[in-house]
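Asks: Next up is a structure, given as structure tokens.
The values are calculated or read from the model by the stated rules, or taken from the named source; none is laboratory data. Fair warning: this is a prediction, and the values are worked out from it, not measured in the lab. When we count neighbours, we look across all protein chains shown, and the Cβ atoms used for this are built from the backbone with ideal geometry, even at glycine.
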Amino acid sequence: MIETRRLTKRYGKTRAVDELTTKVEPGHVTGFLGPNGAGKSTTMRMVLGLDRPTGGEALVNGRRYAELRRPVHEVGALLDAGAAHGGRTARDHLRVLARANGIGDRRVDEVLELVGLAGAATRRVGALSLGMRQRLGVAAALLGDPGVLLFDEPVNGLDPEGIRWVRHLMRDLAAEGRAVLVSSHLMGEMALTADRVIVIGRGRLVLEASVRELRARFQEDVLVRSPERGELGRVLEGAGASVATEDGALLVRGLAAADIADLAASRGLPVHELTPRGASLEDAYLRLTEDSVEYRAKETAR
């Protein structure tokens, strides 16, 4: 588990992270979302002991990273795919990390196979594509078989097959009972991958919730089809809903689908379709962070 308790990081007068309190539970993929400059990478670096907090604390399994006896076996991370020495082979890069942490070469070969780099194990890191270096970074994170994992933009540089592989890997790791924290700007991918989200803006917590809860919070309307459209519309408006029409259907806002069904049934009005139309994860994210974007491009006329 990862916990931050009023975690704060200041650079001069700027608060990169501002009293952030969150929790990343085992068994879930948690998406870490926010605009550029929101403080996501800084938070991850403080969790891993790479940056010292100005205030508060970041804990892994109840302890600070520096207090972990065998950190590679408790927490793995991919923050920068370019961190590996370009002159070493992929296998040698992992062997150096493995020997420094009492891990045998057999595990090195296992993770190379797991990430699809067994055939490129003898190639130098500097000759690998960005996507292959990302895979190598994932292999390094998994080397100690840790129960806590942090990934910062892990699909950067990957092709569609690689993105799909990362998605399934993250979900498989969480299904094994691990706590997985993933930052990304790809909302469509996060919608497919994450169970929960932590949204931050300007270093502060905006929202922490399940993806389902987030979508429900921004539910826009319910699509209703009925051969008694006019009468049903009047009943729903009488119950306080706002009703519009679209392609022969009713668009109802202000009442949940279950309430609409109950009202229709109580009046003996048939319903042929009842479809809640919630906002996408991207729509919800943009609404939550619209006041936290530092740099916004000027919109052009269409």
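Asks: Do the conditions hold for residue 45, that is, is it out of contact with any Pro (no Cβ under 9 Å at 6 or more places or on another chain) and free of Cβ contacts under 8 Å to residues at least 12 places away in the same chain? I'd like the intermediate steps shown before the answer.
Replies: Working: out of contact with any Pro (no Cβ under 9 Å at 6 or more places or on another chain): yes; free of Cβ contacts under 8 Å to residues at least 12 places away in the same chain: no.
No.
Asks: What number goes with the only condition from (1) of a type outside the set (Asp, Glu); (2) crowded, with 21+ Cβ neighbours inside 10 Å; (3) under 22 Å from residue 39 (Cβ atoms) that residue 224 does not pass?
Replies: (3)
Asks: Next question. Which residue, of 100, 140, 174, is touching a helix residue (DSSP H, G or I) at 6+ places or on another chain (Cβ under 9 Å), surrounded by 21 or more Cβ atoms within 10 Å (Cβ to Cβ) and under 30 Å from residue 63 (Cβ atoms)?
Replies: 140
Asks: Could I ask something else about it? Quick test of your reading of the structure: residue 217 fulfils all but one of (1) in contact (Cβ under 8 Å) with a residue 40 or more places away in the chain; (2) among the charged types (D, E, K, R); (3) surrounded by 18 or more Cβ atoms within 10 Å (Cβ to Cβ). Name the failing condition by number.
Replies: (3)
Asks: Hey, another quick one. Within the stretch 250-257, is there a residue that is under 25 Å from residue 192 (Cβ atoms), touching an Asp or Glu at 6+ places or on another chain (Cβ under 9 Å) and touching a residue at least 24 places away in the same chain (Cβ under 8 Å)? Step through it out loud before you land on a result.
Replies: If we filter the stretch 250-257 for residues that are under 25 Å from residue 192 (Cβ atoms), which is where we start, we get 257.
From the residues that got through so far, the ones that are touching an Asp or Glu at 6+ places or on another chain (Cβ under 9 Å) too are none.
No, the stretch 250-257 has no match at all.
Asks: Here's another thing I want to ask about it. Can you name every residue in the stretch 119-159 that is over 20 Å from the mean Cα position of the chain (by Cα) and outside any helix (DSSP H, G or I)?
Replies: The answer is 121, 122, 123, 124, 128, 129, 143, 144, 145.
Asks: Among the residues of the stretch 61-82, are any in a helix (DSSP H, G or I), small (Gly, Ala, Ser), under 20 Å from residue 169 (Cα atoms) and in contact with a Leu (Cβ under 9 Å, 6 or more places away or on another chain)?
Replies: Yes: the stretch 61-82 contains one or more residues that are in a helix (DSSP H, G or I), small (Gly, Ala, Ser), under 20 Å from residue 169 (Cα atoms) and in contact with a Leu (Cβ under 9 Å, 6 or more places away or on another chain).
Asks: Something else about it: Can you tell me which residues in the stretch 143-162 are among the hydrophobic types (A, V, I, L, M, F, W, C) and buried (at least 19 other Cβ atoms within 10 Å of the Cβ)?
Replies: First pass over the stretch 143-162, keeping only residues among the hydrophobic types (A, V, I, L, M, F, W, C): 143, 148-151, 155, 158.
Across the stretch 143-162, the qualifying residues are 143, 148, 149, 150, 151, 155.
Asks: Please indicate, with yes or no, whether at least one residue in the stretch 101-109 is touching a residue at least 40 places away in the same chain (Cβ under 8 Å) and over 30 Å from residue 6 (Cβ atoms).
Replies: yes
Asks: Let me ask another. Could you name every one of the strands (runs of 3 or more DSSP E) located completely within the stretch 187-292 that has at least 2 residues being farther than 30 Å from residue 40 by Cα, outside the structural domain of residue 164 (by TED's automatic domain parsing) and under 15 Å from the mean Cα position of the chain (by Cα)?
Replies: none
Asks: Which numbered condition in (1) under 17 Å from the mean Cα position of the chain (by Cα); (2) modelled with pLDDT under 95; (3) more than 19 Å from residue 185 (Cα to Cα) is the only one that residue 13 fails?
Replies: Exception for residue 13: condition (1).
Asks: Additional query: Only residues in the stretch 125-146 that are touching a residue at least 24 places away in the same chain (Cβ under 8 Å) and at positive phi count as the first member; pair them with residues that are surrounded by fewer than 22 Cβ atoms within 10 Å (Cβ to Cβ) and not β-branched (Val, Ile, Thr), Cβ under 9 angstrom, at least 6 apart or cross-chain, and list the lot.
Replies: Qualifying pairs under 9 Å: 145/73; 145/107.
Asks: Hey, could you check the stretch 76-96 for residues that are of a type in the set (A, V, I, L, M) and surrounded by fewer than 17 Cβ atoms within 10 Å (Cβ to Cβ) and say which is modelled with the highest pLDDT?
Replies: The qualifying residue modelled with the highest pLDDT is 96.
Asks: For residue 207, all conditions in the list (1) under 21 Å from residue 58 (Cβ atoms); (2) without any contact (Cβ under 8 Å) to a residue 24 or more places away in the chain hold save one; what is the number of the exception?
Replies: It fails just one condition, (2).
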